[in-house]
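Every number here is computed from the coordinates shown, using simple stated rules; none is lab data. Computed from a predicted structure; not experimentally measured. Virtual Cβ from ideal backbone geometry, glycine too; neighbours counted across all protein chains shown.
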There are 2 protein chains.
Amino acid sequence: MAERLSAEECRQALGGLPGWSEVQGRDAIGKIFVFRDFNEAFGFMTRAALVAEKMDHHPEWRNVYKTVEVVLSTHDAGGVTTRDIALAKAMNAIAG
Amino acid sequence: MAERLSAEECRQALGGLPGWSEVQGRDAIGKIFVFRDFNEAFGFMTRAALVAEKMDHHPEWRNVYKTVEVVLSTHDAGGVTTRDIALAKAMNAIAG
């Protein structure tokens, strides 16, 4: 099982993840992706969903038209782990 | 443009929409769909996204693993219109 990152490890990881930050009041990381339209936003979600399913690690996410708000945390570990960092990296790569 | 439904019209429409209800504090309707797993939840979202894009009327929705929380409202009309009712019906049909 992935181990929870320390606050320092989490901050270091976020340094390499443009747009991601700690979520206020939760042991989680988050990012708001903004696209051109719904087509592009849902296209991103579809690609990210396939990656998430393959990793067996799923996001909490909210979509309103061209915006996708993502929160990542590892439930079993009670916080942020390397699995969240890996999914965040994959999402950044998909968003391009 | 679709006209905003009166409170009475909205209640009548909700009578024919199992699982949907008025959203507290907003002029909107909502439903929480619960599926077996992420595969089924995101499959529902994908089918609903195609319908929404075709209708040019999009949901606000949040997905956490097997749960999809949907809120529908017509921004231009400042409330619930027949377009929301139509999308809600389509989502119920997709969820089966």
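Brief remarks on what is shown
- Sparsely packed loop sites in region B:7-57 (the trypsin sites (Lys or Arg not before Pro) outside DSSP H, G, I, E and B with at most 13 other Cβ atoms within 10 Å) comprise B:ARG26, B:ARG36.
- Scalar couplings 3J(HN,Hα) for region A:82-91, obtained by applying the Karplus form with A = 6.51, B = -1.76, C = 1.60 to θ = phi - 60°, are 4, 5, 5, 4, 5, 5, 4, 4, 4, 5 Hz; x denotes Gly and Pro.
- In this structure, the pairs whose alpha-carbon distance is over 28 Å, taken from A:LYS31/B:LYS66; A:LYS31/B:LYS89; A:LYS54/B:LYS89, are A:LYS31/B:LYS89; A:LYS54/B:LYS89.
- Take the Cα of B:MET1, step 7 Å toward its Cβ, do the same at A:TYR65, and the gap between the two points is 1.3 nm.
- Nearest-20 debye value, the protein assembly as shown charge dipole, Cβ charges on Lys, Arg, Asp, Glu: 260
- Calculated FRET efficiency for the pair B:ILE32/A:LEU17, C-beta based, R₀ 35 Å, to 0.05: 0.70
- For region A:7-95, convex hull of alpha carbons as volume per residue, Å³: 83
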